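*Asks:* Here you go, one structure.
The values are calculated or read from the model by the stated rules, or taken from the named source; none is laboratory data. On a predicted model such as this, the values are computed, not experimentally measured, just so you know. When we count neighbours, we look across all protein chains shown, and the Cβ atoms used for this are built from the backbone with ideal geometry, even at glycine. For accessibility, only protein heavy atoms count, side chains too; no ligands or nucleic acids. Shrake-Rupley method; radii C 1.70, N 1.55, O 1.52, S 1.80 Å.
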Amino acid sequence: MKKIAYLLLAAVALCSCSRESDLKKSIFIPDPDDSRLPAYTEWGYNTFGAYLDREVFIYNDNALPFKAIAYSTTTELQFNGEIYEEFHSNDEKVSLIVKTSSILLKNAEDFSLLNGKSYQLNDPSFQVYLERNGVRTKLSVGQGVLTFQRVQKIFIDRKYTEMILSGYFELSAMQNGSLISISDGRFDVGLKNGYNFTYQPI
Amino acid sequence: MVKPQKLLYTTLLAISIGAAAQGQELKRLSLGIDCGTSTYSTDLKENDAIRATSSVTFFDQSGSYDLRTSTHRTYYGIKAELLSSSGYLGISTGIRYTQVKSEINRDSWFSYSKTKFYVLYNQNGTNTEYAQVEKVTQKADYLGIPLDFRFYTTRPRFFRLFFKLGFDFSMRVGNKNTVDFLTTSMNPYEQQVGRAIGTPSSVLTTFNPGLGFKLGDTDGVNVSFELNAPSYIISTNASTFAKNRIGIGAQLYIYYPIL
């Protein structure tokens, strides 16, 4: 009887694994060169990944992988995840944050204007931060680029639903006197007003 | 010394057997109709228009483990069979209409999103349009030539067992993708979504070894029934979303010796 109860519990647990709508959940398609990283895609799979030095910095299932907060004079873009650990989840929260006055937005649809554009992260209008377990450190970027390879406005059954941002990023920077490198970064994320995009007119 | 009476009986018997053999002279060419069906085990094939529904994991090497596919083949045709002089080998060919039907839908067991999946059907500038789809049925019609080699285990008689090596080579003459949308308001876009799903290959080749039996007199209507296992679709793109693996099928052939 106990065994049956365990089996039922396991079945319920399995059923609840994917109780997230398709467009909000992350879908991991491995990169053919390194299966720890997500492949570059343009479907809005809500993934990102990069090498942080030689570790893998990747989205996780707890945090929203991408958030955009627009203010009247700046915009903050956040990639939220963790350092990949094989076979177990890493508790350390890691975020890469890009703040800029070069991109001014009022709603998620304004990202259409960024389609195909690249931004140099060492430009004075950009500030880049690395946050580990809530401790935010400003990076002094030597070289770096953020590319919005493709920005799509998604209509589902003819109705506007969300934006999809796909692209690449990499940088090398000084952090507390040490050189760090973020390389082979790629992202494919959905963006929706009132969900992971907000406009704060202050 | 052989008794004359015995000799007479023996002669009469030989004459009657000879006459009977003359009457049942083997007709080597038969003409008939055949029909059959096969069903195949399938895996999902990556399709540029179908959004993945799940992550690739160690256990699930596909990004859509809950998308289910299937493929069935049905065919009808006219076929002539030529028997070898010994009657042990039959070679048959003719003309055959084949329909390959593939389906894709989503298993609702583990999914909150029930049975829908997304098909990308239009991209224009930065605008991208998806349709929420419950099922796609892809039908491709082919016209072609079967080629069967039947190896009979006995000389011609009422009941015979045989082994078969069967092939067919066909050209596509039509196809249609039928889309079941989540909402009926999308029905006017069926053609557009169907086009995004793609068109199956223009050539179909199948290989169907089999085992069967035939019933019927050498000069009357014959019925043969066979089991095709394993059955294969050799063409790689017979479906734009299903990889066809091994199959099993059956064939019925009704024919009449004419020459």
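*Asks:* Here are some residues: A:106, A:117. Which one is within 24 Å of residue A:150 (Cβ to Cβ), surrounded by fewer than 21 Cβ atoms within 10 Å (Cβ to Cβ) and modelled with pLDDT of 95 or more?
*Replies:* A:117
*Asks:* Those residues that are surrounded by 17 or more Cβ atoms within 10 Å (Cβ to Cβ) and closer than 30 Å to residue B:155 by Cα, I need them from region B:233-249; list them, please.
*Replies:* B:249, the sole residue that qualifies.
*Asks:* How many residues, within region B:182-205, are open to solvent by less than 20 Å² (accessible area, probe 1.4 Å) and part of a strand (DSSP E or B)?
*Replies:* Looking only at that region, the number is 1.
*Asks:* I'd like the full set of residues that are within 11 Å of chain B (Cβ to nearest Cβ), of a type in the set (Val, Ile, Thr) and either crowded, with 20+ Cβ neighbours inside 10 Å or farther than 30 Å from residue B:193 by Cβ (or both), limited to region A:157-195.
*Replies:* Result: A:164, single match.
*Asks:* Now a separate question. Does residue B:129 satisfy the condition of being without any contact (Cβ under 8 Å) to a residue 40 or more places away in the chain and touching a Phe, Trp or Tyr at 6+ places or on another chain (Cβ under 8 Å)?
*Replies:* Working: without any contact (Cβ under 8 Å) to a residue 40 or more places away in the chain: yes; touching a Phe, Trp or Tyr at 6+ places or on another chain (Cβ under 8 Å): yes.
So residue B:129 passes the test.
Residue by residue, here is whether (1) within 30 Å of residue B:222 (Cα to Cα); (2) away from chain A (no Cβ under 14 Å); (3) surrounded by fewer than 16 Cβ atoms within 10 Å (Cβ to Cβ) holds:
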| residue | (1), (2), (3) |
| --- | --- |
| B:95 | yes, yes, yes |
| B:107 | no, no, yes |
| B:119 | no, no, no |
| B:123 | no, no, yes |
| B:153 | yes, yes, yes |
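Here is a yes/no grid of residues against (1) closer than 29 Å to residue A:23 by Cβ; (2) of a type outside the set (Ser, Thr, Tyr):
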{"position": "A:100", "(1), (2)": "yes, no"}
{"position": "A:110", "(1), (2)": "yes, yes"}
{"position": "A:114", "(1), (2)": "yes, yes"}
{"position": "A:117", "(1), (2)": "yes, yes"}
{"position": "A:129", "(1), (2)": "yes, no"}
{"position": "A:138", "(1), (2)": "no, yes"}
{"position": "A:150", "(1), (2)": "yes, yes"}
{"position": "A:167", "(1), (2)": "yes, yes"}
{"position": "A:170", "(1), (2)": "yes, yes"}
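*Asks:* For residues in region B:71-82 being farther than 30 Å from residue B:135 by Cβ and open to solvent by 20 Å² or more (accessible area, probe 1.4 Å), which is farthest from the chain's Cα centre (by Cα)?
*Replies:* Residue satisfying both the conditions and the ranking: B:82.
*Asks:* So residue B:112 passes all but one of these: (1) modelled with pLDDT under 95; (2) within 27 Å of residue B:43 (Cβ to Cβ); (3) in contact with a strand residue (DSSP E or B) (Cβ under 7 Å, 6 or more places away or on another chain); (4) not small (Gly, Ala, Ser). Which condition number does it fail?
*Replies:* (3)
*Asks:* While we're looking at this one, here's another question. Output the number of the condition that residue B:222 fails; it satisfies all remaining conditions of (1) among the polar types (S, T, N, Q); (2) surrounded by fewer than 17 Cβ atoms within 10 Å (Cβ to Cβ); (3) farther than 23 Å from residue B:144 by Cα.
*Replies:* Only one criterion is unmet by residue B:222, namely (2).
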